1. For the range 16-36, enumerate the residues that are touching a Ser or Thr at 6+ places or on another chain (Cβ under 7 Å) and open to solvent by less than 50 Å² (accessible area, probe 1.4 Å).
2. Listed residues E55, E44, E28; which is in a helix (DSSP H, G or I) and either of a type in the set (F, W, Y) or under 29 Å from R103 (Cβ atoms) (or both)?
3. Checking L87 against (1) open to solvent by 50 Å² or more (accessible area, probe 1.4 Å); (2) over 22 Å from E136 (Cα atoms); (3) in a strand (DSSP E or B); (4) of a type in the set (A, V, I, L, M, F, W, C), only one condition comes out false. Which one?
4. Consider the range 81-129. How many of its residues are within 23 Å of the chain's Cα centre (by Cα) and of a type outside the set (G, A, S)?
5. Please go through the range 53-74 and pick out each residue that is of a type outside the set (A, V, I, L, M) and surrounded by 14 or more Cβ atoms within 10 Å (Cβ to Cβ).
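The values are calculated or read from the model by the stated rules, or taken from the named source; none is laboratory data. Predicted model, so just to flag it, every value in this text is computed and none were measured. Here the Cβ positions follow ideal geometry from the backbone for every residue, glycine too, while neighbour counts run over all protein chains shown. The accessibility values were calculated without ligands, DNA or RNA, using every heavy atom of the protein model including side chains. Shrake-Rupley method; radii C 1.70, N 1.55, O 1.52, S 1.80 Å.
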Amino acid sequence: GSFVYRLNDHVSLMASMSRAFRAPTLNELYRSFRVGNVLTLANENLLAERLTGGEAGVRVTSKQEKVALRGNFFWNDITRPVANVTLATTPALITRQRQNLGRTRSKGLELQADARLHRDWRISGSYLFADATVVEFPANRSLEGLKLPQVPSHQFTFQTSYTNPSIITAGLQGRASSSQFDDDQNVFRLDPYFTLDAFVSRQINERFEVFGSIENVFNQRYEVGKTPVT
């Protein structure tokens, strides 16, 4: 359920509440797998996850909506979330199993700005702060208060584009992320990173367009997993 209330032509208030569930997949229930030195066991006794969430925010626009600003606070509680829980660690093998944690919570803030600087120029940016932690896990109290794996606390993106079909269309897109953890015990840290993409195209006629793009312009190497080998 959600609602939007317009205070005037330029300011709107927004709020929503939600309930949802996710059933465990066949993969989580029955398929064990190994990556590097990490063996992850399936668990046929997994229960469905259940989420209760809420959001509240405000959107502000300028005249003719040349500039639009949005801020949004969110709060999500998940009971019985499925996670890979470490059972045993040896120099040669880390054994984990998919288990239902007691409760996790993700709360934070989203900010977004869009601006049309000129008829052909547009720029936008967004920031996300997410505090995602384990709130309750009676089976292993040592995990309570730790960060959820693979959820960075800070993320930032921006896009800028120039669009003039008679001349050229070009754009840049950047994405930055703070550090995050790749395991439930917050031992294996993945470093922060920044990547930049570029795109350019030229309309030849009504049927043909030539384009080129570069992903990761600076050839940035960033960590996506540790097993525990990076």
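1. Correct list: S16, G36.
2. E28
3. (2)
4. The number of residues fulfilling the criteria is 21.
5. Going residue by residue through the range 53-74, those that are of a type outside the set (A, V, I, L, M) are 53-55, 57, 59, 61-66, 70-74.
Correct list: G53, G54, E55, G57, R59, T61, R70, G71, N72, F73, F74.
Conditions (1) among the charged types (D, E, K, R); (2) touching a strand residue (DSSP E or B) at 6+ places or on another chain (Cβ under 8 Å); (3) under 25 Å from A20 (Cα atoms), marked per residue:
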position: K63; (1), (2), (3): yes, no, no
position: T89; (1), (2), (3): no, yes, no
position: R96; (1), (2), (3): yes, yes, no
position: G102; (1), (2), (3): no, yes, yes
position: H118; (1), (2), (3): no, no, no
position: G125; (1), (2), (3): no, yes, no
